[in-house]
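Participant: Got a structure for you, written out below as structure tokens; questions coming shortly.
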Amino acid sequence: MIPVPSDKALVPFVSVDDMMQLIHHIGVEPMLLGLAEYIEADFRRWELFDKTPRIASHSAEGVIELMPTSDGEVYGFKYVNGHPKNTREGLQTVTAFGLLAEVATGYPVLLSEMTMLTAMRTAATSAMVAKHLAPRGARVMAMIGNGAQAEFQTLAMKAVCGIDTVRLYDIDPAATAKCARNLTGRGLDIIACESPEEAIEGAQIVTTCTADKQYATILTDNMVGPGIHINAIGGDCPGKTELAPAVLQRSTIFVEFPPQTRIEGEIQQLAPDHPVTELWQVISGTAPGRTAPEQITLFDSVGFAIEDFSALRYVRDRLPGTGYYHDLDLLADPDDPRDLFGMLLRADPG
């Protein structure tokens with residue numbers, strides 16, 4: 001008789017379809033708002049977490065990474081890739097999955113797709129940070145780079161920060177048309193622009209999110225006026241940037257985890273000792289954020305494991321009673337922990 005999996009062997013698995021249904025069940029903007037709250041809560045207890053720069057395997061085609069962390073009670077990791085060439089082959093630039101486990105037993109408690117969830121958590125993180133750093137009363141956002149992340153970023157800024165206008169630009173007009181179409185009917189004034197200079201006119205929040213793996217200059221020094229908040233999320237690996245060094249020199253720079261950002265972020269262009277402020281300090285009240293109306297604030301975002309941990313924690317808390325998961329027979333759990341081979345024998349169909 002083939003053994004029936006025990007409860008301990010079964011791990012909730014959230015598939016892509018499950019995740020999409022969960023997002024619709026909660027609502028896109030309410031979920032972005034909820035994710036931002038979870039991420040902010042974990043930034044407030046930043047010092048409790050293990051902090052390790054992501055473990056990256058780079059190639060000419062892209063990067064594959066593992067992003068682990070733990071708060072001492074729960075362990076989490078994300079597997080994620082970044083392959084800019086993929087879109088030319090009809091594939092996603094980024095795919096991901098993640099796991100949560102109990103530290104006390106080592107047993108996984110959640111396995112989830114994270115391609116969709118990473119887009120949500122990246123946008124939620126951007127908006128949570130902008131809430132602390134953007135000019136008071138900001139209502140206009142420029143979204144430069146209208147690929148897979150653009151709609152999520154825009155709706156997160158709407159839900160968390162209250163923007164009501166987005167100015168879109170991409171080197172590919174079809175990407176801008178796609179983004180404008182997807183955002184139609186969501187309570188935003190949508191303006192398609194023909195240049196990055198046009199896009200940032202009148203914007204208090206400027207988000208750059210481009211995919212090319214190169215030293216690029218999306219924002220030049222003469223494009224950036226005083227008083228704006230720049231949300232630079234496209235530079236996320238060595239040799240990939242979006243901002244002119246002069247823009248960095250004029251900005252007050254905020255980062256997630258300096259040892260990682262100095263390798264992967266915009267500040268890889270600067271001296272290793274260039275001053276930056278860690279965001280957890282701003283959020284916990286131990287360091288200043290925006291201090292003057294004319295100040296240029298820059299979130300040099302590369303993504304950090306704690307944000308993924310927060311997102312997985314949010315999903316784990318929202319799953320009960322929804323049915324948007326499948327029990328996956330993932331763990332061998334014999335009646336006698338010392339008799340794993342006996343479990344194998346009992347499963348012999350002969």
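Coordinate-derived values only; no laboratory data. It should be emphasised that the depicted structure is a prediction, and the values quoted were computed from it without experimental measurement. Counting neighbours? That spans all protein chains shown, and the Cβs are built from the backbone with ideal geometry, glycine included.
Participant: Using each residue's phi in segment 155-171, evaluate 6.51 cos²θ - 1.76 cosθ + 1.60 at θ = phi - 60° and report the 3J(HN,Hα) Karplus result to the nearest Hz, with x for Gly and Pro.
Facilitator: 5, 5, 5, 5, 5, 8, 10, x, 5, 10, 9, 10, 10, 9, 8, 8, 5
Participant: Can I ask one more? Treat each spin label as a single point 7 Å out from the Cα along the C-beta direction, and report the VAL16 to THR220 distance in nm.
Facilitator: 4.0
Participant: Let me ask something else about it. Using +1 on the beta carbon of Lys and Arg, -1 on that of Asp and Glu, and nothing else charged, what's the dipole of the chain about the Cα centre, debye to 20?
Facilitator: The dipole of the chain has a size of about 620 debye.
Participant: Per DSSP helix of 4 or more residues, -39500 (n - 2.57); summed, then divided by the residues of the chain. What does that give at 222 nm, rounded to the nearest 500?
Facilitator: -9000 deg cm²/dmol
Participant: Sorted by packing (mean other beta-carbon atoms within 10 Å per residue), highest first, where do 88-99, 34-45 land?
Facilitator: Details: 88-99: 15.2, 34-45: 20.0.
So the order, starting with the most tightly packed, is 34-45, 88-99.
Participant: Cross-link candidates for LYS78: which lysines have Cα within less than 16 Å, leaving aside residues fewer than 8 places away along the same chain?
Facilitator: LYS51
Participant: Then there is this: Pull up all non-local amide H partners of LEU110: gap of 5 or more, or a different chain, and H-to-H distance under 5 Å with H placed in the peptide plane.
Facilitator: HN-HN under 5 Å from LEU110: LEU100.
Participant: Classify segment 188-297 as rounded, prolate or oblate, taking a ≥ b ≥ c as the square roots of the eigenvalues of its Cα gyration tensor: rounded when a/c is under 1.5, otherwise prolate if a/b is larger than b/c and oblate if not.
Facilitator: oblate
Participant: If packing is taken as the mean number of other Cβ atoms within 10 Å per residue, what is the order of 19-29, 253-263, highest first?
Facilitator: Ranking, from highest mean packing down: 253-263, 19-29.
Participant: Further question: With a ≥ b ≥ c taken as the square roots of the eigenvalues of the C-alpha gyration tensor of segment 1-90, please select rounded if a/c is under 1.5 and otherwise prolate if a/b is larger than b/c or oblate if it is not?
Facilitator: Rounded, because the longest to shortest axis ratio a/c is under 1.5.
Participant: Using the Karplus curve 6.51 cos²θ - 1.76 cosθ + 1.60 with θ = phi - 60°, work out ³J(HN,Hα) for each residue of segment 41-49 in order, rounded to whole Hz, and write x for Gly and Pro.
Facilitator: 4, 6, 5, 5, 10, 3, 5, 6, 8
Participant: DSSP loop trypsin sites (Lys or Arg not before Pro) in segment 299-350 with at most 13 other Cβ atoms within 10 Å of their Cβ, which ones?
Facilitator: Numbers: sites: ARG313, ARG316, ARG318, ARG338, ARG346; in loops: ARG338.
Answer by residue number: ARG338.
Participant: Treating cross-link reach as a plain straight distance, find the lysines whose alpha-carbon is under 20 Å from the alpha-carbon of LYS158, omitting any fewer than eight places away in the same chain.
Facilitator: LYS131, LYS178
Participant: For a test of the definition: using alpha carbon positions, the gyration tensor, and the 1.5 limit on a/c, classify segment 77-210 as rounded, prolate or oblate. Intermediate values should be presented prior to the final figure.
Facilitator: On the way: a/c = 2.63, a/b = 1.53, b/c = 1.72.
Oblate, since a/c reaches 1.5 and b/c is not below a/b.
Participant: Taking amide H atoms as placed 1.01 Å from N in the peptide plane, list the residues 5 or more away in sequence, or in a different chain, whose amide H sits under 5 Å from that of LYS78.
Facilitator: Here MET67 satisfy the definition.
Participant: How far is the Cα center of segment 103-161 from the Cα center of segment 70-99, in Å?
Facilitator: 15
Participant: Let me ask you something else. Provide the descending list of Cα extents for segment 219-350 along its principal axes, expressed in whole angstroms.
Facilitator: Sorted largest first, the three principal extents are 75, 34, 27 Å.
Participant: Now for a different question. I need the fraction of alpha carbon pairs in the chain separated by more than 35 Å, rounded to a whole percent.
Facilitator: Value for the chain (Cα pairs over 35 Å): 24 percent.
Participant: Hey, another quick one. Quote the FRET efficiency, to the nearest 0.05, computed for GLN269 versus ALA347 with a Förster distance R0 of 56 Å and r equal to the Cβ-Cβ distance.
Facilitator: E between GLN269 and ALA347, to the nearest 0.05, is 0.45.
Participant: What number comes out for the charge environment of MET343, summing +1 per Lys or Arg and -1 per Asp or Glu over other residues with Cβ under 15 Å away?
Facilitator: Charge balance near MET343 sits at -3.
Participant: Additional query: Between beta-carbons, use under 13 Å as the cut-off and find the net charge around ILE306, counting Lys and Arg +1, Asp and Glu -1.
Facilitator: Cβ neighbours under 13 Å give a net charge of -2.
Participant: When Lys and Arg each count +1 and Asp and Glu each count -1, what net charge do the other residues less than 11 Å away from LEU48, Cβ to Cβ, add up to?
Facilitator: Numbers: positive: ARG44, ARG45, LYS51; negative: ASP42, GLU47, ASP50, ASP71, GLU73.
Overall, the nearby charge balance is -2.
Participant: Just to check I understand the Karplus step: with θ = phi - 60° and J = 6.51 cos²θ - 1.76 cosθ + 1.60, what whole-Hz values come out for segment 177-190, glycine and proline as x?
Facilitator: Result, ordered by residue: 4, 4, 5, 4, 5, 5, 8, 4, x, 10, x, 10, 7, 10 Hz.
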